[in-house]
Structures are given as C-alpha cells and as structure tokens.
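The block underneath contains the structure these notes are about, expressed in structure tokens.
The values are calculated or read from the model by the stated rules, or taken from the named source; none is laboratory data. Predicted model only: the values in this text are computed from it and were never measured. FYI the Cβ positions are ideal-geometry reconstructions off the backbone, even for glycines, and counts take in every protein chain you see. Surface accessibility is based on the protein's heavy atoms, side chains included, excluding ligands, DNA and RNA. Shrake-Rupley method; radii C 1.70, N 1.55, O 1.52, S 1.80 Å.
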Amino acid sequence: MRHGMTVPLTRLIQGHPTLNRLYSKHLTHRLNYAQIGGARAMAASGETPTVKKRVVAGSFLFKFPNGDHKQARVALFRRSGKVSTYQHKLAPCSGSVEEDDASPFAAALREIREETTLPASSLELLRIGKPYAFADTSIGREWHINPFGFRLKEASEGGKGEEGITLDWEHDGIEWFDPMQVSASDEFGGVPRIVDSLRRVWPEYDLGSEAGEVLTDGLQRLRNDHEHGARELAGMGVSTLRDVISQMGLSQPLDEGWWSKVCMVAWHICQSRPSMGAAITSAMVKSLDAIRAVYLADMDAADKMQQITQALDQQLANRSSATDRICESFIKYVRQDIIPNKESKEAVSILTLSLSSTILECLLQAASTLGVALDLRVLESRPLWEGVTLASRILKHSPEESKLKVTVYSDASVALAAREVDVVLLGADRVSSSGDVSNKIGSLPTVLTARYVAPNAKVVVLSDTEKIAGPGSMDEHVSEENAASELSRAWKGTVEGAQVVEDALSRDDARVAIKNAYFEWVPAQLIDAYATEEGLWSIGQIRDKSAWVGSEIERYFKDL
C-alpha cells in the first residue's frame, strides 16, 4: 500500500475471514433491527407481519463448584441495547447458524468464542438438547433452536475458567443462577421460551430433586467412562432410565406429561456418548417399547410402576446371554472358514486391539473349545493402554496349561504384529446402515496393514445387533474428541520438549494442537464377517435393522 493511500474499511474487512464474519453479523443485526421495527409496526396496525425463519444455536454454560452437581450454576447473559432483539433480557449465549458453519454444534462453539473469547479447550460438552421451534410474530421471527449445554473448565483443567470470559458488544453482563430458579416470568426477565430451552439441556428441571440427581449422576458416569465398550454403556443407560423412573415414583400422575419426561430422559441418555450412541439408542428404544406397553395398559398406577421396573430388569438380564451367542457365531466361523483353509491346522493367529468384554469372552471360549493353539497378538492401544488390560485379563482368566500365547505389540509395530495372521478381530461401537464399523482408533491402520502383509487374513467384527445405527453414512455420525491431557501426560518427565508443547497449548498458540480421537471408521468393503448374537449377518440384514432403528427414533423422539 502506498503511503497516504486510503482503503475502504469494508474492503479491508473482506480480506480478513474473521473480521468479515463479524462485520456480516453486525450488518445482519442492523438489518434485522429495521425488519423487526417494521414487523412491530405492522402488528400494531393490525396487519399480519412477515415471519422469517432463523436457525440459531443457544448455549448454556454451567459450572459445578467443587465438582458438586448439586451446586450447579448456569450462566445467563444480559443482552445489550445494541442487539436487534430482546434488548436487556437474560439469555443463553446464542447466535445464528451460518452457511459456513459445519453444524449447529460448530456454530455454538464459534458464537461462544466470538461473544466470550472462550476457546473450545475451555469447554466440555455436557448436554445436547433436543432442537425445537417457536414463532414470535411480534418481531416477525420463527426461531429454530439448537440447545447445547457446556461445562466451563477451570484453569486447573487447562481451561480459562470464569475469569477468562470477556464479553463483546452484544452483552452488558453475565449472571449465574441455580438452574431450578430460572423462570419464564416477566419479573425474571428472560428471553421468550428460556425455560423451554434450558429444560432441553437440563431435564432435571422437570424431574424433581431425587430423580434429577439420579439422572445427573447417570449421565456423568456414561460421559466419563472410557474403559467399557458400547455394550456395557448401553446397559448402564438402561439402568439409569430404570432408576430415574423409580425415583419419579408416584409423585406425579402417569399421564402424557409423565411419558414425555421419560422420553426426554431417554433422549439425553442416547446423546450422552455420541460415538457409542447406536448401542445406547437401540437399548433405549427397546426400553421405551416395553415402558409404553405397560403405560397404556388398563391397571392402576402402582401396578404399572412395578411392571415397568420388572420389564427393564428383564431387559438387563437378557443382555447377559447375548455375549455367549456372539461367541458361538465367532467360534463356528473360525471352525468352518478359517481352520479348513490353513496349511497348518494346529494353531490360529488372531490380531486385535483395545478392550472389549465381548472380544475377551470370545477369545477365552475359543481357547477352551477350538482344540487348537491360539497365537494372540494385541496392540497396546494408546492413549489409555486398553490392549494391555485386555492381555492381562486373558492371562488372568485362562489356565496356565492352555494352548495360548499372548504377545503385546506397540501400536506403531502393527506391521510386525500382522505378519501371517489369520484373523483381525474387531469390536464395534457403531455399525452404519451400510455395514461400516466404528471402533477404537487404530482399527483402520490395523486392517489396512493386514491387507498388505497378510492378504489372506479375514477381518471379523464381533457386534451386538443393537450397535447398528439408524440410516446414514459413516460421515454423518458424530465422532468424539477427548482430552489432550490423556496424550500429553504420557510425555511428562520422559519426552524432551513436552513442556514446550504444553506451554504453547496453555496460551492458545495457534501453531499447535493435540488431537485425541477415540474412534474411527472401517469401511464395509474391508470387512469379511459380522458375528452377532443372531448368527453371521449380511449387509442386507444390517440395512433392515438400521431402518427399524430409524423408525423407532422417529416414533419416540420426533415430537419432543
């Protein structure tokens, strides 16, 4: 730029992506303000104002002093007089879902960053609320709300805490409330439907203290459990639903309001672990089927409650037999499709990774019933070393005289581990409608490596049919991103330069990031067999099951 040359502000802004987005947002607010003024004038004159659809992400920030969920506090933002709607009202951190946002969730993170300066590293996703819509004809808007709940991380966890919040022009201040004290009254001063948005991320609002506490604890256990697989978490979900219903008891009538609360509890259990969501959701819709049948029966409320509890207990009991049936399917496949095609029929070599109770049980039963030696090769499975735990449990539960050898390999040496292997054995946390399998990170490199160094190896997936997700490609499913500290803590005190990386992360240095994904997809074309509790399944059977799951999700959750 030549000295003294003047460049229009708009041109300067358009050359900077962040400034351009913020400027566009400012213009949108100015335009909305004029449009809203026109809508109000039309309403005052008796004319019907034009109602325009607006999709927004609304985020409630929570903090839990001393980690005590009974002391939960939710942040509400006092909107400034400069915004186009609901000036000086209390609201969650909200904003439009824009065309360049990958999803409402991405929009929520962006809005929080723009309006509070908090980066994603200072937030933990706490709840995914059920979206809903309502019209406010007084300002000519039809709002489509995507509610989210986030926990604010303290500095001790690598976050910025409350002290890290710097508000932009859209807000005059921030106030913290007991969620149960948030009100829809005019005196409280919230934006329209603030309670409806809150209860969608904090259903405890409607459940009562005892049932709400059970739900809070159950969701926290599901969210924080990174040891058990999808099958165990689905069982935990059913137990949580049963315990919440038991605590609800007979304190309220078993009417449609009660049923809606039960469905909302089930929704939040489904959303608690997105990467495990298929198994949890299948278990939830089965539970709702059983509950609904009793709820509609002609009997008194006390008998209904007793039968609902019994039905859920029976569902939990039935789950225990599924593993044995999966083992039968797997052992039959090895006998018929692996051993006969081997030159040496004295031993079978199996490569696996991570920790799965189903894989553990199948390997133990195979070692005791196949009549051949088992050469088990287990990848260590960073960052939580679940493969090491799997190896230890195999050794613990198999007799010393068994024809079984266990070798633990580093993840990076998978090419050595896969040499001349007969079976690559995977669990499944989700199965897409096309048969793609989501499993522990490292599964895809293991399969691809085995295809190269052991082209005759069979890739076998062990899975309950409840892990089959509703319709949709693997790219449409949400993946979990977990704490960077799980990776970095292994470096501390042992790796040169680890502190340099830690320090850069703590000051939000844009040049560095740590990615800790737990799951990845293995495409169906790389998989040879699906061993389930109902035998070996085909892609067609998986597709049919997926369609059923989709219809059940629609049935129970569409109108919440």
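Determine, for each peptide in 297-303, 335-341, 546-552, the mean count of other beta carbons within 10 angstrom over its residues, then list the peptides with the highest first.
With the highest mean Cβ count within 10 Å placed first, the list reads 546-552, 335-341, 297-303.
For the chain, find the longest principal axis of its Cα atoms and tell me its angle to the long axis of helix 209-224, 0 to 90°, nearest 10.
60 degrees
What length, rounded to one decimal in nm, is gained on full extension from A510 through to T166, with 0.36 nm per residue of separation minus their alpha-carbon distance?
121.9 nm
Apply 1/(1 + (r/R0)^6) to the Cβ-Cβ distance of S239 and A102, taking R0 = 30 Å, and write down the FRET efficiency to the nearest 0.05.
0.30
Taking only Cα atoms, what is the 0 to 90° angle, nearest 10, from helix 17-44's long axis to the longest principal axis of the chain?
It is inclined by approximately 60 degrees.
Per residue, how much accessible area does the range 124-249 show when a 1.4 Å probe rolls over the protein heavy atoms, in square angstrom?
For the range 124-249, the solvent-accessible area averages 40 Å² per residue.
Run through the range 189-296 and list the GluC sites (Glu not before Pro) located in a DSSP loop whose Cβ has at most 15 other Cβ atoms within 10 Å.
E227
Suppose a student asked you for the relative contact order of the range 72-131, using Cα pairs under 8 Å spaced at least 6 residues apart; what percent would you report?
19 percent
Go through S320, S438 and list them by solvent-accessible area, largest first, probe radius 1.4 Å.
The residues order as S320, S438, largest area first.
Taking amide H atoms as placed 1.01 Å from N in the peptide plane, list the residues 5 or more away in sequence, or in a different chain, whose amide H sits under 5 Å from that of G159.
E154
In nm, what is the difference between 0.36 nm times the number of residues separating E213 and S321 and their Cα-Cα distance?
35.8 nm
Would the range 179-312 count as rounded, prolate or oblate if I go by the C-alpha gyration tensor, calling it rounded below 1.5 in a/c and otherwise prolate when a/b exceeds b/c, oblate otherwise?
In terms of gyration-tensor shape, oblate.
With a sphere of radius 11 Å drawn around the Cβ of L90, what net charge do the other residues whose Cβ falls strictly inside it have (Lys, Arg +1; Asp, Glu -1)?
Local net charge: +1.
Go ahead and run the numbers for FRET between A297 and H69, Cβ-Cβ distance against an R0 of 25 Å, rounding to 0.05.
0.10
Which one, [x] 0.98; [y] 1.10; [z] 1.02, gives Rg/Rh (Cα atoms, Kirkwood Rh) as derived from the coordinates shown?
So the calculated entry is the one marked [z].
Just reorder K286, K70 by solvent-accessible area, largest first, 1.4 Å probe, all chains present.
K70, K286
For the chain, take the longest principal axis of its alpha carbons; what is the angle in degrees between that and the long axis of helix 539-557, to the nearest 10 within 0 to 90?
30 degrees
Taking every DSSP beta bridge with both residues inside the chain, roughly what % is antiparallel (nearest 5)?
Antiparallel bridges make up about 50 percent of those DSSP assigns within the chain.
Just grab the label-to-label distance for E496 and S368, each label 7 Å out from Cα along the Cβ direction, in nm (one decimal).
Reported label-point gap for E496 and S368 is 5.1 nm.
Run the simple label-point estimate for S538 and D196 please: 7 Å along Cα→C-beta, distance reported in nm.
Rounded to a tenth, the inter-label distance reads 4.7 nm.
Could you tell me the relative contact order of the chain? Use alpha-carbon pairs under 8 Å, at least six residues apart, and round to a whole percent.
Relative contact order for the chain comes out at 11 percent.
Could you tally the net charge around A133, taking each other residue with its Cβ under 14 Å from the Cβ of A133, Lys/Arg +1 and Asp/Glu -1?
+4
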